[in-house]
1. Under the rule a/c < 1.5 gives rounded, and otherwise a/b versus b/c splits prolate from oblate, where does the stretch 71-110 land using the Cα gyration tensor?
2. Sort out for me the Cα centre separation of the stretch 142-156 from the stretch 274-340, rounded to whole Å.
3. Which shape class, rounded, prolate or oblate, goes with the stretch 91-156 when its Cα gyration tensor gives a ≥ b ≥ c as root eigenvalues, a/c under 1.5 marks rounded, and past that a/b bigger than b/c marks prolate?
4. Does the stretch 267-318 come out rounded, prolate or oblate by the C-alpha gyration tensor, with a ≥ b ≥ c the root eigenvalues, rounded set by a/c under 1.5 and, if not, prolate when a/b is larger than b/c and oblate if not?
5. Relative contact order for the stretch 308-388: what is it in percent, counting Cα pairs under 8 Å that are at least 6 residues apart?
6. Summarise the accessible area of the stretch 258-395 (1.4 Å probe, protein heavy atoms) by the percent that is carbon and sulfur.
7. How high is the relative contact order of the stretch 221-378, given as a whole-number percent (alpha carbon pairs under 8 Å, six or more residues apart)?
8. For Gln224 paired with Asn91, estimate the spin-label separation in nm (one decimal), with each label point 7 Å from Cα along the Cα-to-Cβ line.
Amino acid sequence: MKKNLMKKFVATGLVFTMVMGGASAAFAKGNDRDDHKGDKGGIKNNIHTNIKINLNFYDMQSAEWALRYIASLASKGVFEGYEDGSFKPHNNVSRIEAITAAVRLMGLRDKAESAAEMQTKLNFKDADKIPSWAVGYVAVALENDLFTESDDAVQPNQPADRLWATTLLVKALKLDAEAKAKMNSTLPFVDAKKIPAGSVGYVEEAIEKKLVDGFEDNTFRPNQPVTRAQLAALLDRTNDQLPDQDQNTSTGTVSAAVYNNTLSLTKAGVTTQYALHPEAFVLRNGVKVPAAAIQVGDEVKVRTFNNQVVYVEVTKLAEVNQSFDVLGTLNATTLNAQGKIATISITQNINGVNQTTIYNVAADVALTGNLGAFTQGHLIQLKGQNQVVTSIDVK
């Protein structure tokens, strides 16, 4: 796949300790992919255990283009790294790993890890080769038509190639009918003849849905194994087209400058404040940035764990030179090292509800009016652009 999808940035060593389903690291724990009974993160009687999820990895320098996809998926517990803080982006992905990730992406993780699904007696001829932790995932994949009627083996340890992974994810999107209607399409790749006739529609549908593209030499390379970085890109693009079934995902418009690790989002007229993890992964304009770079007016998607935001993606940038003129009562101010006002918060009554908004303050802010009344609870007027106050008028 083309690797010029995003600007490069350097990964840092953020690690979140999360309490999640034990299988979350089932395909990211060293090399024992065939038997995970000894893994700390493996499933054991479906009891949830403490595991670590990395949102940044120390070995991403050669695959930085994929880090935004990986961080997004890791924040949902779909596709994660290894216990040593690595992701191994260039390692090939096995079929059982890809099936597991697809099922999780569909929001069916809990079902796949349930005792009932894990005890399913599978009819595949290589059922004895399927790791015990993955039985429930294969069962759920079967129930959701991720296999074809002629599949008689899972081949869990076989590398997932590009054509197989593409077909799997089109099926995860429930686009079988659309794919079958496109079987007579003419694919644009110079190696299109290497794609079986019965798979042409799946590739065409994946192209139309922008899940995949070709390499720079206009090849598709259907039989080439998929790396972990490439699968992350495929999964994240698929995720954007699935209904969000994750209750820990929220969206909204940033309504105040980030202050004291607090992110204020407004949606449908209601403002909610979220606690930001001090090292939350923040993606803005395709680049990893500090939380302070989030601007008032940005439209964002956030994911939380344990009531803290661990992932922020700006889906629409705030309008440039967005100005504001607001009236409210002074709530509080903070000072910088030079003793000047750094932030200011005011309270407004909006539709009968008191809402407090925090703004950054310009170093050369103009302070006018009845300065002796510049105290908490007094009426003030703030003017500025974007999230920065340029004038304060005390009424």
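The values are calculated or read from the model by the stated rules, or taken from the named source; none is laboratory data. What you see is a predicted model; the values in this text were computed from it and never measured. In this analysis, Cβ positions are derived from the backbone assuming ideal geometry, glycine residues included, and neighbour counts consider all displayed protein chains. We work out accessible area using only protein heavy atoms, side chains counted, and drop any ligands, DNA or RNA first. Shrake-Rupley method; radii C 1.70, N 1.55, O 1.52, S 1.80 Å.
1. Note, shape of the stretch 71-110 comes out oblate.
2. Spelled out, the Cα-based centre of one part sits 45 Å from the other.
3. Verdict is rounded for the stretch 91-156.
4. Oblate is the answer for the stretch 267-318, as a/c is 1.5 or above yet b/c matches or exceeds a/b.
5. 38
6. Carbon and sulfur together cover 48 percent of it.
7. Numbers: 245 pairs, mean separation 25.6, N = 158.
Computed value for the stretch 221-378: 16 percent relative contact order.
8. Spacing of the two 7 Å Cα→Cβ label points: 2.1 nm.
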